[in-house]
Amino acid sequence: MDLSAIILIGLLAVTAIYVVMAYNQLVQIKHNVSKAWANIDVLLKQRHDELPKLVETCRQYMKFEQDTLTRVMQARSQVSDAREQRNVGALGAAEGELRGALGKLFAVAEAYPDLKANQTFLHLQGRISTLENGIADRREFYNESVNINNVRIEQFPDSIIAGLFAFRPAQLLRFSAQQLRDVDVKALFQA
């Protein structure tokens, strides 16, 4: 065997090793995105299960605030639909609606001292606030995983491997500019 054949075999072996390693890394990144989504999904489901309890507790005290309670439940339904369909774009919009409805609910609850003192309400309010913080943390992790995935499948030479094996970009979980603004507490009490 001459030297050029040995070099060619060596180059082919190095290329094959690189392709296998790159493919395996892309698979791992893709699964990290799925795992990050599953982490968000768990918290969304937990919050979904807690919201009816909160609304029912409030309903007993807030007889004249049905519109606020209805908005919370409608927003809850929109989040659930988007979550089940894995529609990240719709989830971002629905999350904003739910966050606004919950803000309104908690603001209106201030006018009901008996409700504010109710242990069930306080527990559920704390639980939902904890879940909201967890969702925000997991959303950050999800978006970081999506970013790593999307950058990696666009970088050369990994883009060639990603194209050959049909790796696709994932969608970031984004919120509209309106949803990112500071909450207008005064408007919550007036609406």
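Restricted to the stretch 162-179, and to residues that are within 27 Å of Ala22 (Cα to Cα) and surrounded by fewer than 19 Cβ atoms within 10 Å (Cβ to Cβ), which residue is farthest from the chain's Cα centre (by Cα)?
Among those that are within 27 Å of Ala22 (Cα to Cα) and surrounded by fewer than 19 Cβ atoms within 10 Å (Cβ to Cβ), it is Leu164.
Residues are listed down the side, and each one gets a yes or a no for (1) of a type in the set (S, T, N, Q); (2) surrounded by 12 or more Cβ atoms within 10 Å (Cβ to Cβ):
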position	(1), (2)
Met1	no, no
Ile6	no, no
Thr15	yes, no
Val19	no, yes
Gln25	yes, yes
Ile29	no, yes
Trp37	no, yes
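Considering each of Gln78, Gln74, Gln28, Gln46 in turn, give the residue that is part of a helix (DSSP H, G or I), at pLDDT 95 or above and not β-branched (Val, Ile, Thr).
Answer to the check: Gln28.
When you check Ala101 against the structure, is it within 26 Å of the chain's Cα centre (by Cα) and either more than 20 Å from Ile128 (Cβ to Cβ) or surrounded by 12 or more Cβ atoms within 10 Å (Cβ to Cβ) (or both), yes or no?
It is true that Ala101 is within 26 Å of the chain's Cα centre (by Cα) and either more than 20 Å from Ile128 (Cβ to Cβ) or surrounded by 12 or more Cβ atoms within 10 Å (Cβ to Cβ) (or both).
Applying the selection to the stretch 18-37, what residues are among the aromatic types (Phe, Trp, Tyr) and more than 15 Å from Leu172 (Cα to Cα)? If you could, list the steps in order and put the result at the bottom.
Here is the first cut: in the stretch 18-37, the ones among the aromatic types (Phe, Trp, Tyr) are 18, 23, 37.
Of everything in the stretch 18-37, those that are among the aromatic types (Phe, Trp, Tyr) and more than 15 Å from Leu172 (Cα to Cα) turn out to be Tyr18, Tyr23.
Is there a residue in the stretch 108-122 that is surrounded by 14 or more Cβ atoms within 10 Å (Cβ to Cβ) and under 23 Å from the mean Cα position of the chain (by Cα)?
Scanning the stretch 108-122, I find no residue that is surrounded by 14 or more Cβ atoms within 10 Å (Cβ to Cβ) and under 23 Å from the mean Cα position of the chain (by Cα), so the answer is no.
The values are calculated or read from the model by the stated rules, or taken from the named source; none is laboratory data. Values in this document were obtained by computation on a predicted structure and should not be read as measured data. Please note: Cβ atoms are built from the backbone with ideal geometry, for glycine as well, and neighbour counts cover all protein chains shown.
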